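The values are calculated or read from the model by the stated rules, or taken from the named source; none is laboratory data. Computed from a predicted structure; not experimentally measured. Using ideal geometry, Cβ is built from the backbone for each residue, glycine included, and neighbour counts are taken over all protein chains shown.
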Amino acid sequence: MTDTPVRKTPPVDDWTTDYDIFDPEYVVDPVPMWTEMRQQCPVAHTDRWGGSWMPTRHEDLQAMAKMVPELSSKAPLVVELPEGDPNEDNPDGLNAPPISADPPEATWTRKMILPTFAPKAVEQYRSFTEDLCNQLIDGFIADGRCDAAVDYAQQIPPRVIAHLLGLDPSRADEFTEWVRGVLELGLSDPPVRIHYRDKILTFLREEVSDRFMNPRDDKISELLAMDVPEMNGREVQVVIGIANLLLIAGIDTTWSSIGSALFHFGSHEDDRRRLSADHSLFPTATEEMLRYYSPVTMARVAQQDVPYGDVVIREGDKVLMNFPAANHDPEVFENPEEIQIDRQRNRHIAFGSGIHRCAGSNLARLEMDVAVRTWFERIPEFEIENPNAVTWAGGQVRGPRSLPMRF
Ligand code: HEM
């Protein structure tokens, strides 16, 4: 897999009418383009990649997240597969619920997973995550350098999710490859996306069916055994969909946030020294990293013509829910382009807003806290080795994919 953004479409002249989420400069630093869009045309449009609308104001993102079911979540990826792929047939949104569904399916499937991610429930994964982070650091600390994205950040979420779901942890590298195949490379390359999506589904079909026949003491068996009348004989299908979502939602996202935080502190010596000297800043620093480097953009599809402000979003049109851009809106954040690791008022929506707000946010915060804190405890002095060698992924989930660090 390549990491460096490659230009596949002509350069953009006007970001308000012709934006390109795969533009190499946008992938590396989208903030100036968001400012231009927000000032000139807060709900921008493009015909590229199948066409879409993109809100960039905090207020608009929050309002649109509430427009259910007019703006449906049944196609949550920012670029769709070409029409006619029978496997993408998703009438009830059960291929990755609750994110791929509208109510009522979104409501009962979300209820099934919320207890797993309650603040107290996720605490049980803290010591596992700490041990994992320490083991990873043991593997490279003597070298005085590592790729903080590949050797560290990328290694953490797939192992935590495998542990949580009860999947074989030795397959964690494959999970990462599959998820990247769907969310990164495959986004702009449908055959690649189908290939990796099918790998995930084939694997999960086997794992879930096996537990249906032979229940174990693990999360997948627990989900299968839940007394949820709506499953109505569809237990295996529903739990494959949920596990599919948890793998996809939990890996690229959290890895990106851990990587972005290390990118920041490896390139901003003042902030690194300040956090190193005062660990009480970790909670606000984590929220500021989530705000400034928010990784996730989701999509909605209009189920009818939806008038919004000066525009009419036509039935079938896609809306890219650019939560990251909302987190740079000067109407809501004082000096949004300034990173303040002690920012007190920080109403960011990196985890989305409304009925699909991230169900795993407590686990994501725990993983970020443990990963960055453990790094700082073991490696308080570090810097990016070669800023030109840092590469970023963009599109659905933005974050560093190669991050050479020396210490
Ligand atoms: C820093 C890391 C993460 C970020 C920034 C993030 C962000 C998001 C966002 C923006 C959404 C909203 C989607 C929408 O409105 O369409 C979402 C949904 C979701 N996320 Fe996360 N996420 C992260 C980590 C995780 C983790 C670790 C898990 C659990 C394994 C997880 C599970 C979910 C689930 C299940 C949903 C769907 C909720 C629903 O549709 O009701 N996320 N996430």
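For this structure, a couple of remarks:
- Residues of segment 119-175 satisfying the condition of being in a helix (DSSP H, G or I), surrounded by fewer than 21 Cβ atoms within 10 Å (Cβ to Cβ) and in contact with a strand residue (DSSP E or B) (Cβ under 6 Å, 6 or more places away or on another chain): Phe140
- When we screen Asp342, Asp317 for residues that are among the acidic types (Asp, Glu), more than 26 Å from Gly144 (Cβ to Cβ) and crowded, with 16+ Cβ neighbours inside 10 Å, the only hit is Asp317.
- Tallying residues that are part of a helix (DSSP H, G or I), out of contact with any helix residue (DSSP H, G or I) (no Cβ under 6 Å at 6 or more places or on another chain) and more than 6 Å from the ligand (Cβ to nearest atom) within segment 345-368 yields 3.
- All of Asn232, Asn214, Asn244 fail the test of being under 30 Å from Thr107 (Cβ atoms) and either at pLDDT 95 or above or touching a helix residue (DSSP H, G or I) at 6+ places or on another chain (Cβ under 7 Å) (or both), apart from Asn244.
- Checking each residue of segment 257-278 against the condition of being within 16 Å of the ligand (Cβ to nearest atom) and within 27 Å of Pro115 (Cβ to Cβ) gives at least one match.
- Only residues that are of a type in the set (Ser, Thr, Tyr), modelled with pLDDT under 95 and within 15 Å of the ligand (Cβ to nearest atom) were counted across segment 124-178, and they come to 1.
- Count of segment 297-316 residues which are away from the ligand (no atom under 16 Å from the Cβ) and either part of a loop (DSSP other than H, G, I, E, B) or of a type in the set (D, E, K, R) (or both): 7
Residues are listed down the side, and each one gets a yes or a no for (1) under 16 Å from Ile248 (Cβ atoms); (2) among the small types (Gly, Ala, Ser); (3) in contact (Cβ under 8 Å) with a residue 40 or more places away in the chain:
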site	(1), (2), (3)
Arg110	yes, no, yes
Leu136	no, no, no
Gly144	no, yes, yes
Leu164	yes, no, yes
Leu167	yes, no, yes
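- Residue in segment 254-262 that is over 16 Å from the mean Cα position of the chain (by Cα) and in a helix (DSSP H, G or I) present: yes
- Residue match in segment 212-221 (condition: aliphatic (A, V, I, L, M), more than 27 Å from Arg126 (Cβ to Cβ) and touching a residue at least 40 places away in the same chain (Cβ under 8 Å)): no
- Annotation note: of Glu288, Glu315, the sole residue that is closer than 13 Å to Ile258 by Cα, of a type outside the set (Lys, Arg) and without any contact (Cβ under 8 Å) to a residue 60 or more places away in the chain is Glu288.
- All positions within segment 276-301 that are over 16 Å from Val79 (Cβ atoms), of a type in the set (Gly, Ala, Ser) and surrounded by 12 or more Cβ atoms within 10 Å (Cβ to Cβ): Ser276, Ala285, Ser294
- Within segment 8-92, helices (runs of 4 or more DSSP H) holding 1 or more residues that are among the aromatic types (Phe, Trp, Tyr), crowded, with 19+ Cβ neighbours inside 10 Å and at pLDDT 95 or above: 31-40
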